[in-house]
């Protein structure tokens, strides 16, 4: 069984002793029941992972000794920004979790014409923090050392106009010109991927995306749910880029 792996926003340097507080200390002490001498792994999003050993455990604090640092090869070769239209229930949470596990670099929640709800302004910060924690937990589980940033929800049109990437693709299953052939192209450094909500993107939204250098990408003949599409798309691209066995 591997050692527990946890994220902290504190600075980590080999040879230092660090006092962990708040949620991470509670998780170590109450959930994992850590004891002096236990070994854990820590990361803070800077690209490295640190071996650590528990020194003391109290109700509110856990002190640890920071050991050697190393750089796991768990990050994608390609920085992918995922523009994902909002969905109700826990579907959006699930999509964030799985996209993070599959190596996405950034996630932009989007409002589109078929998103029939909005997040109250006084709840946006709380919702973003919730989404960010989902991404952090997914990184703890899957071995990643960089946390994908989840941005504030914005209109789809604003995002397609502003996002910068070497290649930009919009998933769309209806006929909208010839779909882009991505097999055989050199591995890019940055891509943007736009995925619609329940009910899909409107033709007008796809047209606006294409006017901003997006190309239509199709994932076969079946219509995928909004939470399934990121998993299929990111997995297919990872196989094509050699990050997963084909």
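Would you list the strands (runs of 3 or more DSSP E) that sit entirely within region 1-106 and hold 3 or more residues that are closer than 30 Å to residue 155 by Cα and in contact with a helix residue (DSSP H, G or I) (Cβ under 7 Å, 6 or more places away or on another chain)? Don't jump to the end; show me each part of the working.
Details: elements: 5-7, 17-21, 39-43, 49-57, 61-70, 79-85.
Passing ranges, in order: 79-85.
With more than 27 Å from residue 241 (Cβ to Cβ) and without any contact (Cβ under 8 Å) to a residue 60 or more places away in the chain as the only criterion, which of 54, 115 stands out? Explain how you work it out, then say what you get.
On the way: 115 fails: without any contact (Cβ under 8 Å) to a residue 60 or more places away in the chain.
That would be 54, the only listed residue that is more than 27 Å from residue 241 (Cβ to Cβ) and without any contact (Cβ under 8 Å) to a residue 60 or more places away in the chain.
When you go through 106, 69 one by one, which is the residue that is under 30 Å from residue 206 (Cβ atoms) and in contact (Cβ under 8 Å) with a residue 24 or more places away in the chain?
Details: 69 fails: under 30 Å from residue 206 (Cβ atoms).
Going through 106, 69 in turn, just one is under 30 Å from residue 206 (Cβ atoms) and in contact (Cβ under 8 Å) with a residue 24 or more places away in the chain: 106.
Can we say residue 197 is at pLDDT 90 or above, more than 24 Å from residue 77 (Cα to Cα) and under 19 Å from the mean Cα position of the chain (by Cα)?
So residue 197 fits the description; yes.
Could you list all residues from region 109-144 that are within 29 Å of residue 203 (Cβ to Cβ) and in a loop (DSSP other than H, G, I, E, B)?
112, 113, 114, 115, 116, 117, 118, 119
Please go through region 219-237 and pick out each residue that is surrounded by 16 or more Cβ atoms within 10 Å (Cβ to Cβ) and not in a helix (DSSP H, G or I).
Matches in region 219-237: 219, 224, 226, 227, 228.
Kindly establish whether residue 15 is surrounded by fewer than 11 Cβ atoms within 10 Å (Cβ to Cβ), touching a residue at least 40 places away in the same chain (Cβ under 8 Å) and more than 25 Å from the chain's Cα centre (by Cα). Working first, answer last.
Details: surrounded by fewer than 11 Cβ atoms within 10 Å (Cβ to Cβ): yes; touching a residue at least 40 places away in the same chain (Cβ under 8 Å): yes; more than 25 Å from the chain's Cα centre (by Cα): yes.
It is true that residue 15 is surrounded by fewer than 11 Cβ atoms within 10 Å (Cβ to Cβ), touching a residue at least 40 places away in the same chain (Cβ under 8 Å) and more than 25 Å from the chain's Cα centre (by Cα).
Any idea which of 34, 95, 52 is closer than 30 Å to residue 235 by Cβ and crowded, with 18+ Cβ neighbours inside 10 Å?
On the way: 34 fails: closer than 30 Å to residue 235 by Cβ; 52 fails: closer than 30 Å to residue 235 by Cβ.
Going through 34, 95, 52 in turn, just one is closer than 30 Å to residue 235 by Cβ and crowded, with 18+ Cβ neighbours inside 10 Å: 95.
In region 119-132, which residue that is touching a residue at least 24 places away in the same chain (Cβ under 8 Å) and touching a strand residue (DSSP E or B) at 6+ places or on another chain (Cβ under 8 Å) is surrounded by the fewest Cβ atoms within 10 Å (Cβ to Cβ)?
128
Select from region 168-180 the residues that are at pLDDT below 95 and within 25 Å of the chain's Cα centre (by Cα) and write down the one among them that is nearest to residue 242 (Cα to Cα).
Step one: of region 168-180, the residues at pLDDT below 95 are 171-180.
This time we only want the ones that are within 25 Å of the chain's Cα centre (by Cα), so: 171-173, 180.
On the way: 171: 21, 172: 24, 173: 25, 180: 19 Å.
Ranking the candidates gives 180 first.
The values are calculated or read from the model by the stated rules, or taken from the named source; none is laboratory data. Since we're looking at a predicted model, the values are computed, not measured. Because the Cβ atoms are built from the backbone with ideal geometry, glycine has one as well, and the counts that use them run over all protein chains shown.
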